[in-house]
1. Going through the stretch 198-212 one residue at a time, which ones are of a type outside the set (D, E, K, R) and either in a loop (DSSP other than H, G, I, E, B) or within 12 Å of Gly260 (Cα to Cα) (or both)?
2. From (1) at pLDDT below 95; (2) at negative phi, pick out the condition that doesn't hold for Ser186.
3. Would you mind finding the one in Lys245, Lys212 that is of a type in the set (Lys, Arg), open to solvent by 50 Å² or more (accessible area, probe 1.4 Å) and farther than 24 Å from His39 by Cβ?
4. Restricted to the stretch 46-79, and to residues that are outside any loop (DSSP other than H, G, I, E, B) and of a type in the set (A, V, I, L, M), which residue is nearest to Ser268 (Cα to Cα)?
5. Go through (1) out of contact with any helix residue (DSSP H, G or I) (no Cβ under 7 Å at 6 or more places or on another chain); (2) among the aliphatic types (A, V, I, L, M); (3) open to solvent by 10 Å² or more (accessible area, probe 1.4 Å) for Met80 and report which single condition fails.
6. Quick test of your reading of the structure: Gln92 fulfils all but one of (1) open to solvent by 10 Å² or more (accessible area, probe 1.4 Å); (2) closer than 19 Å to Asp43 by Cβ; (3) without any contact (Cβ under 8 Å) to a residue 60 or more places away in the chain; (4) in contact with a Cys (Cβ under 9 Å, 6 or more places away or on another chain). Name the failing condition by number.
7. Which one of the conditions (1) part of a loop (DSSP other than H, G, I, E, B); (2) open to solvent by 70 Å² or more (accessible area, probe 1.4 Å) does Asn178 fail to meet, given that it meets all the rest?
8. Quick one: is Thr86 of a type outside the set (A, V, I, L, M, F, W, C) and open to solvent by 60 Å² or more (accessible area, probe 1.4 Å)?
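The values are calculated or read from the model by the stated rules, or taken from the named source; none is laboratory data. Every value quoted in this text rests on a predicted model; they were computed, and no experiment measured them. Here the Cβ positions follow ideal geometry from the backbone for every residue, glycine too, while neighbour counts run over all protein chains shown. Quick note on the areas: whole protein, heavy atoms, side chains included, nothing else; ligands and nucleic acids left out. Shrake-Rupley method; radii C 1.70, N 1.55, O 1.52, S 1.80 Å.
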Amino acid sequence: MASALHLPARNVVLSALFAAVIAVSLIPTTYSVPFIVLHGIGDKCTNRGITRFTERLSNWSASTGYCIEIGDGSWDSWVMPLLKQTSSVCEQVKKIDDLSDGYNIVGLSQGNAVARGVIEFCDGGPPVKNFVSLGGPHAGTASIPFCGEHLAPSGYLKIPTDIAAYEKGCRFLPKLNNEIAGERNSTYKERFSSLENLVLIMFEHDTVLIPKETAWFGYYPDGAFTPILPANETALYIEDWIGLKTLDEAGKVQFVSVPGNHLEISESCMQEYVVPYLTDGTSSKAAAEISSLNKIWPLQDPIFKLGVGGLVHDQ
């Protein structure tokens, strides 16, 4: 029969076990919050590429992901006014119990305009923690293919040499960016600046957004197509209309540039720049860990192409 531990030895063992339990309890826990995906124009949640994109992010982050559809998806993304699209998403997120304590948003192209509308305009909605924007027309775009004045993209069409027409006719972006003097809404700024992290991803060879720097809130000066002003030289930033400057000065904005044309993103870039912000409170640590894993087990790195018209496939 094994002899019992002597009392002093037993106390040492118990003390060591107790210390181990305390040490483990003091290790910061990592937990994930749910996220939603808002797709781009001409796409829909049931398209294979969007489904796989959402599933990949969910699997990598161990978070529950939802692709939020607006109307019938493809058609309504073109013809439904952006304020109405925003309202649709607002009402949907309020009905999803899983989002009630807060959630993250991953926006694709035009979906970023809707995402920001939800953040700024959605009364009574659950809080948005992190917002990851891929190729968003945040400061507008100076060219939209096949776009008529009654189509959704007209809500962020901004020709720098015709600002009068923009101010008179554009129904969405001036409100979203709090541009209208005398009508600036402090609630929009308060809500947007309450984000924990804002990740702005620009595609280096983007030929859809004009200029591509709009993905970083950069744009042309009023009255000319040159130069392209970086975000921090625009009135929106300098006067802090929506809280972008506030977020940036707090170190909460990441300006990320990735290779490829509009919405062409590799799995390694998704893992490095998107996934860490779907895991609450561990962004920088998670990014470092994922980067290390990629060096140990390199990916084949397929390219997701999530483009206009729902043309989605891997390269």
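1. Of everything in the stretch 198-212, those that are of a type outside the set (D, E, K, R) and either in a loop (DSSP other than H, G, I, E, B) or within 12 Å of Gly260 (Cα to Cα) (or both) turn out to be Ile201, Met202, Phe203, His205, Thr207, Val208, Leu209, Ile210, Pro211.
2. (1)
3. Lys245
4. Once the filter is applied, the top-ranked residue is Leu57.
5. Exception for Met80: condition (1).
6. Among (1) open to solvent by 10 Å² or more (accessible area, probe 1.4 Å); (2) closer than 19 Å to Asp43 by Cβ; (3) without any contact (Cβ under 8 Å) to a residue 60 or more places away in the chain; (4) in contact with a Cys (Cβ under 9 Å, 6 or more places away or on another chain), Gln92 violates only (4).
7. (2)
8. The answer is no for Thr86.
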